[in-house]
Amino acid sequence: MTEVFIFKTGVHTAVHVQQVAALFGAVEAIKQWSFDLEDCDNILRIVARGIRPRAVEQLLLQEGLACEHMAYEL
């Protein structure tokens, strides 16, 4: 099942976005992703299948980037 996850991040610059792009390129479960760096929480939105939010948080933390899953309901 495809899921959408929203994260508050410490990603602030284009360099950080490039880091994440390299990271996510190797993760087949992540189908689409995007940042809203104009939002005060630097929101990361991920469309994925077969990955949990905690795994995404760990990926970014390994790169030294803060990331916190935000619960939401449609």
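The values are calculated or read from the model by the stated rules, or taken from the named source; none is laboratory data. Bear in mind the structure is a predicted one, so any value in this text is a computation, not a measurement. Here the Cβ positions follow ideal geometry from the backbone for every residue, glycine too, while neighbour counts run over all protein chains shown.
Which pairs turn up if I take residues in region 43-63 that are surrounded by 13 or more Cβ atoms within 10 Å (Cβ to Cβ) and look for partners that are at pLDDT 95 or above and among the polar types (S, T, N, Q) with beta carbon separation below 6 Å, at least 6 apart in sequence or on another chain?
From residues that are surrounded by 13 or more Cβ atoms within 10 Å (Cβ to Cβ), the pairs are L44/T9; R45/S34; V47/Q32.
Could you count how many residues in region 1-42 are surrounded by 14 or more Cβ atoms within 10 Å (Cβ to Cβ) and of a type in the set (V, I, T)?
Adding up the residues that qualify gives 7.
Between residues in region 1-12 that are within 14 Å of M70 (Cα to Cα) and touching a residue at least 40 places away in the same chain (Cβ under 8 Å) and residues that are in a loop (DSSP other than H, G, I, E, B) and charged (D, E, K, R), which pairs lie under 6 Å by C-beta distance while being six or more apart or on different chains?
If the second residue must be in a loop (DSSP other than H, G, I, E, B) and charged (D, E, K, R), the pairs left are K8/D41.
For residues in region 17-71 being in contact with a strand residue (DSSP E or B) (Cβ under 8 Å, 6 or more places away or on another chain) and of a type in the set (S, T, N, Q), which is nearest to T2 (Cα to Cα)?
Selected residue: Q32.
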